[in-house]
1. Assigning unit charges at the beta carbon (Lys, Arg +1; Asp, Glu -1) and nothing else, what dipole magnitude in debye, to the nearest 20, does the chain show about its Cα centre?
2. Per residue, how big is the convex hull of the stretch 1-132 when only Cα atoms are used? Give it in Å³.
3. With θ taken as phi - 60° and the coefficients 6.51, -1.76 and 1.60, list the Karplus ³J(HN,Hα) couplings across the stretch 223-230 in order, rounded to whole Hz; mark glycine and proline as x.
4. Got a sec to turn the phi values of the stretch 25-40 into Karplus ³J(HN,Hα) couplings, 6.51 cos²θ - 1.76 cosθ + 1.60 with θ = phi - 60°, whole Hz, x for Gly and Pro?
5. Output wanted: per-residue J couplings in Hz (rounded whole) for the stretch 65-71, from phi through Karplus 6.51 cos²θ - 1.76 cosθ + 1.60, θ = phi - 60°, x for Gly and Pro.
6. Tell me the mean residue ellipticity at 222 nm calculated for the chain from its helices only (DSSP H runs of n ≥ 4, each -39500 (n - 2.57), averaged over every residue, nearest 500).
7. With a probe of 1.4 Å, find how much accessible area the stretch 1-159 has per residue, and write the answer as a whole number in Å².
8. Take every DSSP beta bridge with both residues inside the chain and express the antiparallel ones as a percent of the total, to the nearest 5.
Amino acid sequence: MLDCHICDGQYSPIGNYENVYICSWCDHIHRVYEGDNFAYHQDQYRKDSRFFRGDDEYNKDGSINSRFHEARKGIVSSRKERIKEILDREYTCFDIGAGAGTFLSEIKENVKEAHCNEVAPPLIQECERLGFKTYAGDFLKLDIPKTYDIVFAWHVLEHVEDIDAFKEKLLQMTNKYCVVEIPTLESMDSSVPKKRALQNPTNENWDGHVHYFSPLSLKKFFEKEFKIMKFEPGVQDPAILCVMEKR
C-alpha cells in the first residue's frame, strides 16, 4: 500500500492497472510514470498535443504562429472574466506553464507587470517574442528572485510529481492571490457516480498527468495555507477552478 499525497489515507490500485492508484478516503488519483517526466514535457508533450490539434498552429521551423493564439482566444477570455475581481493595474503576476503566452497577452493591460515560466523551446521563444520575461526550465528548480501579487497555474499541477514542493514554491512566490485550474475525471456538477476510468493509463500512452484531484483532495491540499475564495467548475470543464488568497 502507498500513502496518499493529500491525506492520511492509502492508495489502492484501480482495476487491473498496476500504475494507477486511488485514495479510498479523498479520491485523489496518482499515476506512476517510470520515465523522465520533465524531459517528456520539454519535448514530446507538445508534439503529442499537435496530433490532436494539427500542425497548422506551428510554422515549418517549429515556431508558433497566430493560429495557436486564435484557437485559445475563447478559453483565455473566459479565464480573464472568471478572475477579473483580483486583477489590478498595480499588481504583478506570474504564469506557471504559460504556454505561448496567450493568457498573459489577454490580461497584460490589467496588471502592472507579467512574467512567466515555460519548458518547451517553441513556447519559450513565443513568450519572449511577445515581450514577457520568461524563466525557462523546471519551475521547481528555478531561481526566481522576486515575488508576485498573483500567481497563475492553468492546467499545470496535474503534471507535477512533487506537488508538495510545488505548493511550497507557490507560497514563497505569492504575495496575495493564487489561481489554479486542474482537469478532473468528471464535472463538479455531475450527479453520476464515478465510473470513468483513466484514459491511456500506461506509459506507452502517456499524457503527462500524474495527479487527478477530486474536489475534496484539492480543497484539502490548499486550505491550510490559502483561503479559498472561489471553487467552481473550470473553464475547460471537466475541471476545477480554485481562486485563493494567501493566509
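1. 660
2. Given the Cα convex hull of the stretch 1-132, per-residue volume reads 159 Å³.
3. 3J(HN,Hα) across the stretch 223-230, in whole Hz: 5, 6, 8, 10, 8, 7, 8, 9.
4. Per-residue couplings from phi come out as 9, 9, 6, 6, 10, 10, 10, 8, 10, 8, x, 8, 5, 5, 4, 4 Hz.
5. Once rounded to whole Hz, the list reads 10, 5, 5, 4, 6, 4, 5.
6. One gets -6500 deg cm²/dmol as the mean residue ellipticity at 222 nm.
7. Ligands and nucleic acids excluded, the result is 52 Å² per residue.
8. Taking every DSSP beta bridge with both residues in the chain, the antiparallel ones total about 60 percent.
The values are calculated or read from the model by the stated rules, or taken from the named source; none is laboratory data. Note that the coordinates shown come from a computational prediction; the quantities given were computed from them, not determined experimentally. Every residue, glycine as well, gets a Cβ built from its backbone with ideal geometry; the counts of neighbours run over all protein chains shown. Just the protein is used for accessible areas: all its heavy atoms, side chains included, with ligands, DNA and RNA removed. Shrake-Rupley method; radii C 1.70, N 1.55, O 1.52, S 1.80 Å.
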